[in-house]
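Single-structure report; data block below.
A short reminder: the numbers here are calculations on the coordinates, not readings from a lab. Not measured: the values here are computed from a predicted model. Here the Cβ is made from the backbone with ideal geometry for all residues, glycine too, and neighbour counts use every protein chain on show.
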Amino acid sequence: MNKYYDVIIVGAGVIGCSIAYQLTKRKKKVLVLDKGKIGGKASSAAAGMLGVHTEFDGDEDLLKAATKSRDMFPALLQELNEISGMDVEFIQNGMLKLAFTESDQRALRMLSAVSKDAEWIPEEEVSRLEPRLSIRNMGALYAGKDGNVSARKLTLSLSSSAVRLGAEIKEFSPVLGFLQDRGKCHGVRTQHETYHSSEVIVAGGAWSRAILSTAGVDISGYPVKGECFSVMLESPPIKRTIFTEGCYLVPKQGNHLLVGATEHPYTFDESVTLGGISRLMNKAIELLPDLAYGHWEKAWAGVRPKTERTHPLIGRVPGWEGLSVASGHYRNGILLSPLTGILMADLMDGNEITSLFRLGGKNERMFEK
Ligand SMILES: Cc1cc2nc3c(=O)[nH]c(=O)nc-3n(C[C@H](O)[C@H](O)[C@H](O)COP(=O)(O)OP(=O)(O)OC[C@H]3O[C@@H](n4cnc5c(N)ncnc54)[C@H](O)[C@@H]3O)c2cc1C
């Protein structure tokens with residue numbers, strides 16, 4: 001059976017759903033296909049930090065993009081709440097990124113100089129803000145505007161809002177290949193159906209490389225598995241998110257505290273290992289001894305989509321008409337989802353992405369600035 005859409009999106013993670021939402025707001029006829037459930041992969045595994053200052057050290061363009069995307073959250077969440085009725089548990093609790101060495105201190109001081117809303121604070125101030133932290137530090141970068149959401153609920157509220165505005169989402173419909181004719185992509189095929197469209201966007205997270213390879217397109221990138229766990233506490237021992245290399249503590253609504261995350265590159269394995277979780281536990285209790293009194297809730301794992309340069313790939317696939325990609329958001333897909341949705345909707349409206357993440361050159365491996 002032939003069906004026609006303006007835009008088909010492959011992948012119903014936070015990125016695919018954010019794009020679908022922005023496109024349906026602009027009255028486009030949109031179909032999203034996922035091989036599994038909506039938000040069933042990385043977008044449900046994420047800690048949900050909106051941490052502008054966690055990764056983008058020294059990259060002013062990415063820092064600006066991340067800040068812009070984070071600042072879109074309050075208005076976007078209000079919109080989504082009005083349409084879907086869902087609460088995504090947004091809290092703007094701030095983040096402390098701790099320094100333990102002189103080189104950490106130098107890097108974080110430099111970051112505070114380029115960031116418009118993070119400041120360097122000495123150890124005494126860290127202890128005043130978070131007295132339950134045990135470990136000695138050499139000060140911290142304090143980002144008061146950073147916060148967190150439930151990543152799973154954000155994805156579901158984007159998808160459900162897109163559906164209310166007219167998008168179709170089909171779960172358990174793996175895309176097996178593209179409909180193509182002389183360099184023009186005009187749809188996709190699943191096992192039992194073909195779907196036609198003017199534009200196809202691949203938002204398949206860590207699977208985007210495999211999906212695009214069926215069209216002979218090679219994007220660099222690889223999966224990075226991450227494990228997390230959560231505990232419940234009588235009362236929250238910290239207010240702010242505590243970020244260190246190898247372990248972060250994220251206070252969630254309702255006295256839940258999330259601890260993440262391990263990093264295992266080049267694997268699609270989503271199992272939780274005792275080694276991974278016990279290393280996280282040791283680091284977390286060393287940072288915050290009260291965690292030892294936490295009641296165990298659960299542990300989980302997901303696969304982050306990474307590119308060679310940590311930049312996401314957002315734009316048209318060179319050499320192709322009607323084929324684009326929005327993928328490779330690595331540890332920041334939740335944070336960057338609002339901006340990615342807008343950039344891709346602009347692209348579908350005929351406005352080239354002139355800002356941060358345009359894909360340049362034929363089959364180029366990275367996006368240029
Ligand atoms: C442990 C962990 C912690 C994280 N913490 C944070 C955080 O605190 N803040 C933050 O901003 N980011 C965080 N991230 C990163 C974030 O989760 C990802 O960057 C983001 O979810 C990527 O979204 P996505 O939509 O590109 O990918 P995904 O959510 O993986 O979605 C891709 C979708 O494509 C579908 N798909 C694949 N192949 C096909 C096919 N052939 N046909 C149809 N559909 C297909 C999959 O089923 C999947 O649903 C974390 C990630 C992990 C694993």
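Loop-located chymotrypsin sites (Phe, Trp or Tyr not before Pro) in region 256-296 (DSSP state not H, G, I, E or B) with no more than 12 neighbouring Cβ atoms inside 10 Å: TYR266, PHE268. In the structure shown, the pairs LYS41/LYS153; LYS153/LYS252; LYS68/LYS239; LYS116/LYS252 are assessed against 18 Å; a Cα-Cα span above that value is assigned to LYS68/LYS239; LYS116/LYS252. Annotation for region 234-285: GluC sites (Glu not before Pro) lying in DSSP loop with at most 14 further Cβ atoms inside 10 Å of their Cβ are GLU234, GLU245, GLU263. Please determine, in degrees from 0 to 90 and to the nearest 10, the orientation of helix 102-114 with respect to the longest principal axis defined by the Cα atoms of the chain, where the helix direction is its Cα long axis. Around 60 degrees separate the two axes.
Can you put ILE135, ILE211, ILE121, ILE8 in order, fewest other beta carbons within 10 Å first?
Sorted ascending by nearby Cβ count, the order is ILE135, ILE121, ILE211, ILE8.
Taking a cut-off of 23 Å between Cα atoms, list the lysines near LYS184, but don't count ones fewer than 8 places away on the same chain. List returned: LYS3, LYS28, LYS29, LYS362. For the chain, just say rounded, prolate or oblate: build the C-alpha gyration tensor, square-root its eigenvalues into a ≥ b ≥ c, call rounded for a/c under 1.5, and beyond that prolate if a/b exceeds b/c, oblate if not. Cα axes put the chain in the prolate bin. Given the options GLY85, GLY322, GLY48, state which has the largest fluctuation in a GNM of the chain using a 10 Å cut-off (strictly under) for Cα springs. Checking each option, the largest mean-square fluctuation is seen for GLY85. Given the options GLY350, GLY302, GLY144, state which has the largest fluctuation in a GNM of the chain using a 10 Å cut-off (strictly under) for Cα springs. Comparing GLY350, GLY302, GLY144 in the GNM, the peak value goes to GLY350. For region 136-245, the set of chymotrypsin sites (Phe, Trp or Tyr not before Pro) satisfying both a DSSP loop assignment and a count of at most 13 other C-beta atoms within 10 Å is given as PHE172. Charge dipole of the chain (Cα centre as origin; +1 on each Lys and Arg Cβ, -1 on each Asp and Glu Cβ, all else neutral): 780 debye, rounded to the nearest 20.
A Förster radius of 22 Å combined with the Cβ-Cβ distance from HIS192 to TYR266 puts the calculated FRET efficiency at roughly 0.10. Our summary of shape: the Cα atoms of region 42-91 have principal axis extents of 39, 23, 17 Å, ordered from largest down, in whole angstrom.
Rounding to the nearest 10 and keeping the result within 0 to 90°, find how far the Cα-based axis of helix 274-287 lies from the longest principal axis of the chain. Value to nearest ten degrees: 50. Against the longest alpha carbon principal axis of the chain, how many degrees, from 0 to 90 and to the nearest 10, is the axis of helix 333-348 turned? So the helix axis and the longest Cα principal axis differ by about 30 degrees. A simple rule links phi to the HN-Hα coupling: the Karplus curve 6.51 cos²θ - 1.76 cosθ + 1.60 with θ = phi - 60°, which for region 158-173 gives 5, 5, 6, 5, 4, 5, 4, 8, x, 6, 10, 10, 10, 7, 6, 10 Hz, with x for Gly and Pro.
Suppose R0 equals 35 Å; then what is the FRET efficiency for TYR293 and ASP117 from their Cβ-Cβ distance, rounded to the nearest 0.05? Once the sixth-power term is evaluated, E becomes 0.55.
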